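Enquirer: Submitted below is the structure of interest, expressed as structure tokens.
Please treat every number below as a calculation from the coordinates, not as lab data. These numbers come from a predicted model, not from an experiment. Counting neighbours? That spans all protein chains shown, and the Cβs are built from the backbone with ideal geometry, glycine included.
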Amino acid sequence: MITIVNASHLVVGLFALWFLYFFCWHEHRIDTYRQRLFGVRDDLFDFAASGGIKFDDPAYTTLRDLSNGLIRFAHRLTFTRVWAIVLFGNFSRSNRMEAWMADVKSRPEAVRGKLLKAHEQIAHASLWHVVAWSPLAWICLLVALFVGLLKVRVRMKVVQGPRDISAVLEQEALEQSSLVEDDSCLAAV
Amino acid sequence: MWFSLVGISAFFYLSTKSLAGHYTFADIGIKVMGDFKISEAFSYLFGAGGVGYGLRERKLRRQTTERLAHRNSTLEQLVDPNRSSSHLTSRGTTNPEDRT
């Protein structure tokens, strides 16, 4: 009988942890990520409003579309999903962000610096959101570290580094937001 | 998410399976409540209180977002009439249509 009492306490605790992780912590992570992206988007808006760049400039609209796409689909950005896209998705090397990058490099120093900084902040927030708070990512990183320490050569087609993960996310966000352009009954947050 | 819930339920089922026919759920419930220590009660209260506080804070934040977001987007549209949106709800939560 003592066993069942202990098991009952354990099960209540496990259910509580389950609720805390999936309904509290998970939502909090998404909101935090969106908050960071809203901050970047607002900074860009202020930069454009102060005359730094035109509102219809492709360099501005692409970055705004990117942040909007990532904000909108933040709930889909999980480590497993990104891992699946990187491994099995059609990862095109010539994507819209590369064209954006080439365009930005030809801009005046002040504009280039501002846009590249915003882009870096978006990439950093995305990487942090996907990797830093995922227990599965921690396990994978530990395994990767262990494999690296043992100097085992693993032949596998994976990403070259964190930069590629950001590139995949950005391309996905731009494609998703251009696929769904339906305003229906939603406020323009 | 649902796999872990099934796992916890399976664990509970397996741990109570051996008692089938010996005790009723009422027996188990009385025993659990009877063994409840004051320190455990405070632990549960602390945990539930913390979660409840967090949920109330979240609700308040979303109400604030709802109150301020419309004003912000209206003002920004005065500056940029073609201003694009993230398509979140007015409370800053995920669009139900995007959940699928």
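Enquirer: I need A:His75, B:His87 ordered by Cβ neighbour count within 10 Å, fewest first.
Expert: Final ranking by Cβ density, sparse to dense: A:His75, B:His87.
Enquirer: Arrange the following residues from fewest to most other Cβ atoms within 10 Å of their Cβ: A:Leu116, A:Leu142.
Expert: A:Leu142, A:Leu116
Enquirer: Quick one: if the Förster radius is 22 Å, what FRET efficiency do A:Glu109 and A:Lys54 give, using the C-beta to C-beta distance and rounding to 0.05?
Expert: Values: r = 18 Å, r/R0 = 0.80.
Once rounded, the FRET efficiency stands at 0.80.
Enquirer: Dividing the convex hull volume of the Cα atoms of region A:1-84 by its residue count, what figure in Å³ per residue is obtained?
Expert: 93
Enquirer: List the trypsin sites (Lys or Arg not before Pro) within region A:1-81 that fall in a DSSP loop (any state other than H, G, I, E or B) and whose Cβ has at most 16 other Cβ atoms within 10 Å.
Expert: Taking region A:1-81 and a limit of 16 other Cβ atoms within 10 Å, the loop trypsin sites (Lys or Arg not before Pro) found are A:Lys54.
Enquirer: Related question: Return the sequence-ordered ³J(HN,Hα) values of region A:37-49 in whole Hz as given by the Karplus equation 6.51 cos²θ - 1.76 cosθ + 1.60 applied to θ = phi - 60°, using x for Gly and Pro.
Expert: Values, residue by residue: 5, 4, x, 5, 5, 5, 4, 5, 4, 4, 4, 5, 5 Hz.
Enquirer: Note down the nm distance, to one decimal, between modelled labels 7 Å out along Cα→Cβ at B:Arg71 and at A:Val143.
Expert: Distance between the two pseudo-spin positions: 5.1 nm.
Enquirer: Would you list A:Thr3, A:Thr78 from fewest to most Cβ contacts within 10 Å?
Expert: Lowest count first: A:Thr3, A:Thr78.
Enquirer: Could you give me the ³J(HN,Hα) list for region B:41-47, computed from phi with Karplus coefficients 6.51, -1.76, 1.60 and θ = phi - 60°, whole Hz, x at Gly and Pro?
Expert: 4, 5, 4, 4, 5, 4, x
Enquirer: Putting +1 on Lys and Arg Cβ atoms and -1 on Asp and Glu Cβ atoms, find which of A:Phe55, A:Gln35, A:Gly69 reaches farthest to the positive end of the dipole of region A:1-146.
Expert: Working it through, the farthest residue towards the positive pole turns out to be A:Gly69.
Enquirer: I want to check the label-to-label distance for A:Phe23 and B:Ile30. Put each point 7 Å from Cα in the C-beta direction and report it in nm to one decimal.
Expert: That separation, rounded to one decimal, is 3.1 nm.
Enquirer: Same structure again: Starting at the first residue of region A:104-111, write each ³J(HN,Hα) from the Karplus equation 6.51 cos²θ - 1.76 cosθ + 1.60 with θ = phi - 60°, in whole Hz, x for Gly and Pro.
Expert: Going residue by residue, I get 5, 5, 8, 8, x, 3, 5, 5 Hz, with x marking Gly and Pro.
Enquirer: Separate question: Which entries in the list A:Lys54/A:Lys114; A:Lys54/A:Lys117; B:Lys37/B:Lys59 go over 23 Å, if you measure between the two C-alpha atoms of each?
Expert: B:Lys37/B:Lys59
Enquirer: If only Cα atoms are counted, what is the Rg of the protein assembly as shown, and what is its Dmax, in Å?
Expert: 24.3, 81
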